[in-house]
Amino acid sequence: MAVKLVRGSDMLRWLRRCGEGRRWVVPAKEDRHWLFAERDGPVVFPPDYRNATVGPKGWLLPRSEPILYYRWTGGRVSVTPAQGWRPQVIYGVRPCDLKAIALLDSIMASEPWPETQYLTRRAHTVLVGMACTAASSCCFCTSMGVHPAESYAADLMIYPLQGEEYGVAAFSEVGREWLAQLEGEEADAAFSPAVPALSLPMPTSLEDLPGWLERRFDDPGWQRLAWRCLSCGLCAYLCPTCYCYGISDVDRGGAGRRVRWWDACTLPDFSRMAGGHDPRPTTTERVRQRIMHKLAYHPARQGEILCTGCGRCIEYCPMGIHLPAALRLLGGDGR
Amino acid sequence: MEVRPETASGDIKTLRVRLPEEDRFSFRPGQCAMLSVFGVGECMISISSPPTRPEELEFSVKRVGRVTAALHELEPGECIGIRGPYGNGFPVEELRGKGLLVVAGGIGLAPLRSLVNYVVDRREEYGPMRIVYGARTPQDLCFKEEIFRSWPGVPQVEVHLTVDQGDEEWTGPVGLVPSFLEELAPSPEGVVALTCGPPIMIKFVLEALQNLGFDDHQVLTTLELKMQCGIGKCGRCNIGSRYVCVDGPVFSLKELRQMPAEY
């Protein structure tokens, strides 16, 4: 693996210089939880850091953001599109989350109607990835075909080597520009990536998974999952590949804004129509929708599984509903 | 903009919208647009006027929720937001030269009305057109001027009306659309059937068409699910791997059979 070798303190100085004028979004600890937050610049992770509870998704697809502003004057309305981006660096993104961003990129860029607000913000973002040297207790990336040292959507990748030493490699034009400004020798370094904590016993190959699930569309296992589901939406909020959103108007008397916000297919009103008809009226259909979207519908549409094995659903769902649990229930054992 | 009631109860109204010349867009019959009442919200409504009459767009809206109620309350001359056109629409090129059987219930005639008037305006390009339309009562039939007067006068167009329940003035057939359709027994020979209506009506119309000998590929339906973005991104209008807003709303019965019954 060809990298530039650099000491940690020099690396932080170099990154800070390259990212001048940009917002720095980095892992930060708030009480017990790590999340991605705006800070002065890049940081060195403490040895026990694995990944953030809340990934960087919200800095590309905010939890809530205006998409336009409107103002009524008499019977006429004027509309101004929102300018919701600032140049930013998102630093320290793990490969599972980098893969998730690559998936979001392909979804938001999909024809016939690319989602320009996301794509604009994305185009003004530099992603600095951090390869994994140690796994958290719930990681299962390799089971989903994701590798803990792969760059995916990253512009630059950092590989922690021995002690204070890091290897850095570039994977895009802006990444190469930045790397050119780093003093240091090009070297061939051996990086030993983390081994994910979990290796899922998959019922079938990843390629056959969509068909395997479609054959189980009416399986009673879905209902057993639904009995446990609290319909809280937490899985969707923490999942790095969940992107479903809602749109609504926030009116302040004659003027206001149209807002886009994170929604979740597991929430009761998600697909309920005005007038009451709901194609997914109970938790059973909604739990099934979430899993099927990730493992069957999206692969049928865009050829890729919408799970990167980050392990957050395993770690944080209070009722233990997650992809491995679903596959186990549908597979027959565990009934 | 004008707002015209379609039904006696006023639960369905047609908005007639004049777009500034620079904002006009071309579309296919069966496509939809997102209508905005800024401050209330947006909803997806099919364009019920044909692309052959581009000066004004018409949207027929049933009052079912907040946004549709706000659309109903608009005064002539007021502004709405329109974005679109969205969805695939009817395959008007493939339908050329074929006979058409249009089967609709209630407000379900709105998306099909765009196709009917498109065919009326390009009459020589299509075969005979039969329209089978029903509503709960005579008062609930939409587009009365067209169904009673203008369409029956067009060459090779037949209009068959039915109501679930008649009134003192109604002398026409009484009965549900699916059974009325089976009584009419139209031949499937060289014909494509297009249907839209309440979900339960669609279900039985599809069965009736099958009984009449229509193949799955000869039957098209147009669906409606909750939509918010209209561009295949917000994730709520999927039926299996298909999004109604970009892959639909028009699906053949052949396609529907390969999709989960979540609609």
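The values are calculated or read from the model by the stated rules, or taken from the named source; none is laboratory data. None of these values were measured; they are calculated from a predicted model. Here Cβ is always computed from backbone atoms with ideal geometry, including for glycine, and neighbour counts include all displayed protein chains.
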Index of the failed condition, A:T266 passing every other in (1) surrounded by fewer than 22 Cβ atoms within 10 Å (Cβ to Cβ); (2) touching a residue at least 24 places away in the same chain (Cβ under 8 Å); (3) in a loop (DSSP other than H, G, I, E, B)
(1)
Only residues in the range B:62-73 that are facing chain A (nearest Cβ under 7 Å) and touching a residue at least 24 places away in the same chain (Cβ under 8 Å) count as the first member; pair them with residues that are of a type in the set (F, W, Y) and assigned to a helix (DSSP H, G or I), Cβ under 8 angstrom, at least 6 apart or cross-chain, and list the lot.
none
Taking A:S143 and the conditions (1) part of a helix (DSSP H, G or I); (2) within 14 Å of another protein chain (Cβ to nearest Cβ); (3) surrounded by fewer than 22 Cβ atoms within 10 Å (Cβ to Cβ); (4) of a type outside the set (V, I, T), which numbered condition does it fall short on, given that it satisfies the others?
(2)
If the requirement is being in the same structural domain as B:E22 (by TED's automatic domain parsing) and among the small types (G, A, S), which of these qualifies: B:G97, B:G81, B:G108?
B:G81
Of all residues in the range B:74-93, which are in contact with a Lys or Arg (Cβ under 9 Å, 6 or more places away or on another chain) and facing chain A (nearest Cβ under 9 Å)?
B:E78, B:C79
Scanning the range A:141-176 residue by residue, those polar (S, T, N, Q) and within 22 Å of A:R7 (Cα to Cα) turn out to be A:S151, A:Q162
A careful count of residues in the range B:236-263 that are assigned to a loop (DSSP other than H, G, I, E, B) and in contact (Cβ under 8 Å) with a residue 40 or more places away in the chain gives 7
Residue among B:S9, B:S49, B:S36, B:S114 that is over 18 Å from the mean Cα position of the chain (by Cα) and either in a loop (DSSP other than H, G, I, E, B) or assigned by TED's automatic domain parsing to the domain that holds B:K226 (or both):
B:S9
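Looking at A:G275, A:G256, which one is part of a loop (DSSP other than H, G, I, E, B), small (G, A, S) and within 8 Å of another protein chain (Cβ to nearest Cβ)?
A:G275
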Filter the range A:235-251 for residues that are more than 9 Å from chain B (Cβ to nearest Cβ) and in a loop (DSSP other than H, G, I, E, B); which is nearest to A:P56 (Cα to Cα)?
A:P240
